[in-house]
Amino acid sequence: MAEILKRGTWENIWGYDYNSKNEAEFTNDFLARLEKEGKIGDVVVDIGSGAHPLSDIIKRERVKSRMRELREEERPPEVKAITVDIAGDRRAPGHLKYDVDNLKGEKLYSTNKAILKVCRELGIDPRTDTDPEKVDTIVLSKILCYVDYQSIIPALAKYLKINGRFIIINNGDKGYKKLMAPGGVKSNDELLSFLEGLGLEIEEKDYPYQEEDGKKSDTVVLLAKKTK
């Protein structure tokens with residue numbers, strides 16, 4: 001996938017943004033509710049963030065939460081968001097141009113470099129702080145067909161705090177077929193079974209989208225919590 005994408009962004013190649021307007025409209029309400037319920041936390045990593053990261057919605061909702069509290073000492077902290085995308089077309093602070101498939105070999109130079117950048121963004125000294133569980137929420141939006149998900153999800157899970165969560169949007173086997181990985185998700189049932197096998201608690205499962213003909217889409221939205 002890296003070879004196909006190295007000369008351009010998702011939009012250059014596909015002709016549209018990877019995270020669609022329809023997705024953003026639904027997830028705005030979904031993420032706003034999670035924020036109000038205190039399920040997002042303060043540190044978010046958005047994998048395969050695309051041109052319109054879902055973590056931007058999370059940050060906006062946290063601003064609203066802060067504004068509701070009149071006293072500074074009662075306001076929740078701002079969200080620290082790290083966006084990760086192979087296209088690397090964003091210039092915002094906290095963005096990493098990185099191929100998440102490289103997590104399968106953590107001694108790779110690019111992975112070590114990415115980890116060090118994340119540590120800097122979070123104010124962590126990796127020489128003295130060796131506890132990897134720093135992240136409250138990891139967003140995986142329509143990316144799991146394109147990576148070896150059975151390697152990537154466990155590799156990411158070790159960075160989640162206990163009671164941290166994955167927010168996953170997966171569109172079954174739909175997408176750009178030429179980019180799909182041999183180890184990518186083939187069905188939502190397969191994905192659910194794998195997550196449960198890892199010991200993750202599936203807190204929410206929803207199929208909120210509709211196809212153009214009005215039928216329910218097989219795109220699933222999952223909230224999965226790390227409990228141990």
Residue match in the range 167-178 (condition: surrounded by fewer than 21 Cβ atoms within 10 Å (Cβ to Cβ), closer than 26 Å to Leu34 by Cβ and of a type in the set (D, E, K, R)): yes
Keeping to the range 144-189, report how many residues are of a type in the set (Asp, Glu) and closer than 23 Å to Thr27 by Cα. 2
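Here are Gly50, Gly88: which of them is crowded, with 23+ Cβ neighbours inside 10 Å and at pLDDT below 85?
Gly50
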Quick one: what pairs do we get from the range 65-78, first residue touching a residue at least 12 places away in the same chain (Cβ under 8 Å), second part of a loop (DSSP other than H, G, I, E, B) and surrounded by 10 or more Cβ atoms within 10 Å (Cβ to Cβ), C-beta under 6 Å, 6+ apart or different chains? Ser65/Pro76; Arg66/Arg75; Pro77/Asp42
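Yes/no per residue for (1) within 21 Å of Lys226 (Cα to Cα); (2) small (Gly, Ala, Ser):
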site	(1), (2)
His52	no, no
Lys59	no, no
Val63	no, no
Glu78	no, no
Ala87	no, yes
Leu96	no, no
Tyr109	no, no
Thr130	yes, no
Asp136	yes, no
Of the residues Ile40, Ile58, only one is in contact (Cβ under 8 Å) with a residue 24 or more places away in the chain, within 21 Å of Ile169 (Cα to Cα), assigned to a loop (DSSP other than H, G, I, E, B) and in contact with a strand residue (DSSP E or B) (Cβ under 6 Å, 6 or more places away or on another chain); which? Ile40
Could you list all residues from the range 98-144 that are surrounded by fewer than 22 Cβ atoms within 10 Å (Cβ to Cβ), in contact with a Lys or Arg (Cβ under 8 Å, 6 or more places away or on another chain) and at pLDDT 85 or above? Glu133, Lys134, Asp136
Asp101: assigned to a strand (DSSP E or B), within 25 Å of Gly184 (Cα to Cα) and not hydroxyl-bearing (Ser, Thr, Tyr), yes or no? no
Within the range 107-122, can you find the residues that are over 14 Å from Gly94 (Cβ atoms), assigned to a helix (DSSP H, G or I) and not β-branched (Val, Ile, Thr)? Tyr109, Ser110, Asn112, Lys113
Applying the selection to the range 123-159, what residues are of a type in the set (S, T, N, Q) and part of a loop (DSSP other than H, G, I, E, B)? Thr128, Thr130
Output yes when any residue across the range 172-189 is without any contact (Cβ under 8 Å) to a residue 12 or more places away in the chain, of a type in the set (D, E, K, R) and either within 12 Å of Val220 (Cβ to Cβ) or part of a strand (DSSP E or B) (or both), and no when none is. yes
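The values are calculated or read from the model by the stated rules, or taken from the named source; none is laboratory data. Note that the structure is a prediction, hence the values are computed from the model and not measured. Note that each Cβ is placed from the backbone with ideal geometry, even for glycine, and that neighbours are counted across all protein chains shown.
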